[in-house]
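These notes concern the structure reproduced below.
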Amino acid sequence: MSTARGVVAAGHRLTAEAGADVLRAGGNAFDAAIAALAMACVSEPILCSPGGGGFAMIRPGSTQVTSLLDFFAHTPRERGEVTDGVHEVYADFGTATQRFHIGPATSATPGFFAGVAAIHAAGATWSLADCFDAAASTARAGVEVTPFQHHLSTVVAPIVTATAGASALFAPDGRLLPAGARLCNPGLADAFDVMADEGFAAGPIGAACVGQQSGRGHLTGADLERYEVIERQPIRVRLGRDIVCLNPAPAASGRLIAHSLDHLESPDPVDLARALCATDRARRSASGELAALADVPLRQRGTTHVSVIDLERNLASVTMSNGEGNGEIVDGFGFMLNNVLGEEDVNHQGSDWPTDTRLSSMMGPTVIESPDGAVVALGSGGSNRIRSAILQVVTRLCLGGESLEDAVSAPRLHVENDHLDFEDLFPGPTRDELVALFPDHLAWPRPDIFYGGAHSAELGADGVFHGVGDTRRDGVAVVV
């Protein structure tokens, strides 16, 4: 039997350590998840922000009941009369560029703080101030820019340098902070101090957000103050002897993963590819439940994930996104509001987005429950590849009996529009069968950020903790 207190897996060393430090100090998984999410805003600012939102799959140890907290972005209640509120930019993903829109008019109502408060209410034992303390201290002292975070900033350089305020933070001397440089953000530290004392919507942070919107955006104080976290029942799918809990509608991920599992015969990569292909075709053309997916948003590019389990069997699996950010720093508080209304992948309607509507997403925090008491928390960033990353890890665990390390590190594939992308690390016969099945394919020479980052935590039936930070996205896991 392990004497460890828990495990944290996340997309940055500081994010994981912030949660681990809370566990070491006697906090539980909910305290640790909040501390890690706050630190992610500091150490992973391209991916996580108080101006964004997300989803949390939580499971209190006292009840062992898993539920989904939806705190993703919500469209404004009314369209305002805006001028100069939207700007077009292009992000450079290396193999392709993609058009985005940024500016105050691209921001939907953020749910980050409301989601953190809901996680706190689920059973946290520390105050929010104590949970936020490490993030605030680190933001003031500065965080070293990692090669991965620098790469992300180069991809979205037109966004993080779109305004004088953003440039002052991310490119203070006229060029993006290089790997090894220190990113200091005292404004974000102040934001966490204010949120701990006064919340987000009704205090000075909410006023600053609305002030940024004035005449150029749609958000109002009422949008911020009336935002609510929605608790939903997960989709529950039996896979082998296990139950897989998935993100329900309006999120698309759970329905797509469940559809793939229904078409899956084995964890063999070729069967996985066939199942992914069947689901993608269903997404595009089938009737019934999946027909609704034709017109809902399906992607989220700027995502990160945190998984935490503690000794009392409390569990939190949380995926966060800020889109790419709207390009403008909220005055005095060191963060950008989201730009999800400016992402064509997320908002197909353009300027005709539906008012007062919870947006959909591909984000998919996931929990696996085993009859012997073992439990796994996982999730991933990675846009449309989130569903394929989760599907492959879950299938290898539940049907293949692989270890958590092997399931996360195994080569991945993704099928979309009958095109196969795959990490070219499969055994020769498997590779041959894949390329024969999909003449339209692209082989990637090594594991890549393209295929997500499935940061995963596990409490085994024997009481032993395991964690894996997916190296594709700079992941780190800490067992305490």
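So the values come out like this:
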quantity: When residues of the range 309-326 are limited to those that are hydrophobic (A, V, I, L, M, F, W, C) and within 30 Å of Thr3 (Cα to Cα), the one nearest to the chain's Cα centre (by Cα); calculated: Val318
quantity: Helices (runs of 4 or more DSSP H) (entirely within the range 362-480) containing at least 3 residues that are surrounded by fewer than 18 Cβ atoms within 10 Å (Cβ to Cβ) and touching a residue at least 12 places away in the same chain (Cβ under 8 Å); calculated: 428-437
quantity: Number of the condition not met by Asn185 [criteria: (1) polar (S, T, N, Q); (2) crowded, with 18+ Cβ neighbours inside 10 Å; (3) free of Cβ contacts under 8 Å to residues at least 24 places away in the same chain]; calculated: (3)
quantity: Residue that is farthest from Arg387 (Cα to Cα), among those in the range 419-450 that are at pLDDT 95 or above and among the acidic types (Asp, Glu); calculated: Asp432
quantity: Filter pass, Ser107 being surrounded by fewer than 21 Cβ atoms within 10 Å (Cβ to Cβ) and of a type in the set (S, T, N, Q); calculated: no
quantity: Checking Val194 against (1) farther than 21 Å from Gly323 by Cβ; (2) part of a loop (DSSP other than H, G, I, E, B), the condition it does not meet; calculated: (2)
quantity: Count of the range 1-56 residues which are under 23 Å from Leu311 (Cβ atoms), assigned to a loop (DSSP other than H, G, I, E, B) and under 16 Å from the mean Cα position of the chain (by Cα); calculated: 0
quantity: Flag for Ala207 being outside any strand (DSSP E or B) and either crowded, with 20+ Cβ neighbours inside 10 Å or not assigned by TED's automatic domain parsing to the domain that holds Ala122 (or both); calculated: no
quantity: Residues of the range 251-267 that turn out to be in a loop (DSSP other than H, G, I, E, B), in contact with a helix residue (DSSP H, G or I) (Cβ under 9 Å, 6 or more places away or on another chain) and in contact (Cβ under 8 Å) with a residue 40 or more places away in the chain, as a count; calculated: 4
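Yes/no matrix, rows are residues, columns are (1) crowded, with 17+ Cβ neighbours inside 10 Å; (2) in a loop (DSSP other than H, G, I, E, B); (3) more than 22 Å from the chain's Cα centre (by Cα); (4) not assigned by TED's automatic domain parsing to the domain that holds Gly323:
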{"site": "Gln64", "(1), (2), (3), (4)": "no, yes, yes, no"}
{"site": "Glu78", "(1), (2), (3), (4)": "no, yes, yes, no"}
{"site": "Glu88", "(1), (2), (3), (4)": "no, no, yes, no"}
{"site": "Arg99", "(1), (2), (3), (4)": "no, no, no, no"}
{"site": "Val116", "(1), (2), (3), (4)": "yes, no, no, no"}
{"site": "Trp126", "(1), (2), (3), (4)": "yes, yes, yes, no"}
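The values are calculated or read from the model by the stated rules, or taken from the named source; none is laboratory data. Remember, it's a predicted structure, so these values are computed and weren't measured experimentally. Don't worry about glycine lacking a Cβ; one is built from the backbone with ideal geometry, like all the others, and counts go over all protein chains shown.
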